[in-house]
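The values are calculated or read from the model by the stated rules, or taken from the named source; none is laboratory data. Predicted, not measured: the structure shown is a model, and the values here were computed from it. Cβ sites come from the backbone with ideal geometry, for glycine too, and all protein chains shown count toward neighbours. We work out accessible area using only protein heavy atoms, side chains counted, and drop any ligands, DNA or RNA first. Shrake-Rupley method; radii C 1.70, N 1.55, O 1.52, S 1.80 Å.
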4 protein chains.
Amino acid sequence: MTTVTTSHADGEHTPIPRGKARRAIRGYASGKDDYLARLSKIEGQVRGLQRMVEDDRWCPDIVTQVSSVTRALQEVSVGLLNDHIHSCVVDAVRRSATDADAALDEVASTIRQVVRL
Amino acid sequence: MTTVTTSHADGEHTPIPRGKARRAIRGYASGKDDYLARLSKIEGQVRGLQRMVEDDRWCPDIVTQVSSVTRALQEVSVGLLNDHIHSCVVDAVRRSATDADAALDEVASTIRQVVRL
Amino acid sequence: MTTVTTSHADGEHTPIPRGKARRAIRGYASGKDDYLARLSKIEGQVRGLQRMVEDDRWCPDIVTQVSSVTRALQEVSVGLLNDHIHSCVVDAVRRSATDADAALDEVASTIRQVVRL
Amino acid sequence: MTTVTTSHADGEHTPIPRGKARRAIRGYASGKDDYLARLSKIEGQVRGLQRMVEDDRWCPDIVTQVSSVTRALQEVSVGLLNDHIHSCVVDAVRRSATDADAALDEVASTIRQVVRL
């Protein structure tokens, strides 16, 4: 029961102050290091794109590389979305119908953003 | 005539060594600073995503931000593709039918990558 | 309780024979007529595309029209996906952790298809 | 020369009356039957989607099928776009710089629609 309440508090939509971050259990928290590693690699790829432009590399080669970065970012998006459904949405469903509805509406609008509709 | 030959040389698919970069006239060369500024902003956004994960921010908020970075990258892709058609492809068409065919085949496969087919 | 059991039976992945269709309560069942109307409109748009090609219409105009049909189809996809999460996934979460996991894995792979990863 | 002039007339953006269609040489004209066959197959797939909804088929299965139709439509889009660049844009480049600019602007906005930016 305590867990449920805690998980409810975590579900609040407001940003968590840095100092409190340790206590938050987000959907992706278990895979946090993995997401950080992937984003750090993506950051390096974006720097690589700058070097390609700097060096006047052939446009189609740069476009190919941009597509690869875009895909890596979308993998992050879909991963986060699924982690979110797996934890926060499931928690909301177990709490109450009202919480479930709110959580599912948010998921619906997030899916639309990922698909870009 | 000299220009045509030079422009042909530029069209070669090999990377141009840094030292020679000044001589290369790529399709995007005129807008190079603009592309560098946009990629530098995107790099900052990717660092921002890492901070969001670090701070255990709410998944849908991170996903929203990832979508915004993805869109910015696709704007870069489409910009580069159009610049490429505007300069390199037009040059190829003016040179010869053979060069035009090669250039258009490359554009076709680049468009497929951007659309992800 | 009876409902839960029925809904479990519906959740089976095998196609339902036409004669039994009336009994099935899918996630989208309540909005079935809406989906049928949208798909029927899309079918008409695809026939319109054939007429455009038949009449040798200007390529960019046809491409614009194709994009509009593609978007309408993706709206259907995202609608079905959300209805599915709203009903079948929520039911599975309420049934058991095992059912929830299976349902969420299926949602994850469906989202990947919609986003085309 | 005559060809160039004819091709210019064809390039006009107004729809061609059915009776005159035989005279039009669009970029895709040579592959017209292929596009008609693909669109006819897509029309059949959309009818298949309606049957799936009618029969209360499992949502993720319908979504999978919608993705396949969407991809087939995007293949048509990209095919038409490339045919258009191959013929109408190349013709415009050969005619004049002004015609080339107009054609390339149109291609740029068409690519944006396909990529959905």
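For segment C:48-69, name all the residues that are within 21 Å of the chain's Cα centre (by Cα) and at the interface with another protein chain (Cβ under 7 Å from one of its Cβ atoms).
Across segment C:48-69, the qualifying residues are C:Val66, C:Ser67, C:Val69.
Please list, ordered by first then second residue, the pairs with beta carbon atoms under 8 Å, 6 or more apart or interchain, first in segment D:61-73 and closer than 17 Å to D:Val114 by Cα and free of Cβ contacts under 8 Å to residues at least 60 places away in the same chain, second open to solvent by 50 Å² or more (accessible area, probe 1.4 Å) and of a type outside the set (Ser, Thr, Tyr).
Every condition considered, the pairs that remain are D:Ser67/C:Gln113; D:Ala72/D:Arg38; D:Ala72/D:Lys41.
All but one of (1) under 30 Å from A:His86 (Cβ atoms); (2) of a type in the set (A, V, I, L, M); (3) within 9 Å of chain A (Cβ to nearest Cβ) hold for B:Ala72; which doesn't?
With (1) under 30 Å from A:His86 (Cβ atoms); (2) of a type in the set (A, V, I, L, M); (3) within 9 Å of chain A (Cβ to nearest Cβ) applied to B:Ala72, the lone miss is (3).
When B:Leu81 is evaluated against the numbered criteria (1) crowded, with 19+ Cβ neighbours inside 10 Å; (2) without any contact (Cβ under 8 Å) to a residue 24 or more places away in the chain, which criterion, by number, is the only one it fails?
B:Leu81 satisfies all of (1) crowded, with 19+ Cβ neighbours inside 10 Å; (2) without any contact (Cβ under 8 Å) to a residue 24 or more places away in the chain except (2).
For segment C:49-73, which positions are surrounded by 20 or more Cβ atoms within 10 Å (Cβ to Cβ) and within 15 Å of D:Ile62 (Cα to Cα)?
Passing the criteria: only C:Leu73.
Restricting attention to segment D:35-47, and to residues there that are without any contact (Cβ under 8 Å) to a residue 12 or more places away in the chain and more than 7 Å from chain C (Cβ to nearest Cβ), which single residue is nearest to C:Gln74 (Cα to Cα)?
Once the filter is applied, the top-ranked residue is D:Gly44.
Among the listed residues A:Ala108, A:Ala72, identify the single one that is modelled with pLDDT under 95, within 16 Å of the chain's Cα centre (by Cα) and among the hydrophobic types (A, V, I, L, M, F, W, C).
Exactly one residue qualifies, and that residue is A:Ala108.
Condition first: open to solvent by less than 40 Å² (accessible area, probe 1.4 Å) and closer than 21 Å to D:Arg116 by Cα. Can you find one or more residues in segment C:91-104 that meet it?
Checked against the condition, which is being open to solvent by less than 40 Å² (accessible area, probe 1.4 Å) and closer than 21 Å to D:Arg116 by Cα, segment C:91-104 yields no hits at all.
Would it be correct to say that B:Thr110 is under 30 Å from A:Val89 (Cα atoms), facing chain A (nearest Cβ under 8 Å) and in a helix (DSSP H, G or I)?
no
Across segment A:76-103, what is the total count of residues that are part of a helix (DSSP H, G or I) and more than 12 Å from chain B (Cβ to nearest Cβ)?
Adding up the residues that qualify gives 11.
For segment A:32-48, name all the residues that are surrounded by fewer than 16 Cβ atoms within 10 Å (Cβ to Cβ) and either hydrophobic (A, V, I, L, M, F, W, C) or within 18 Å of A:Asp83 (Cβ to Cβ) (or both).
Residues satisfying the conditions are A:Lys32, A:Asp33, A:Asp34, A:Leu36, A:Ala37.
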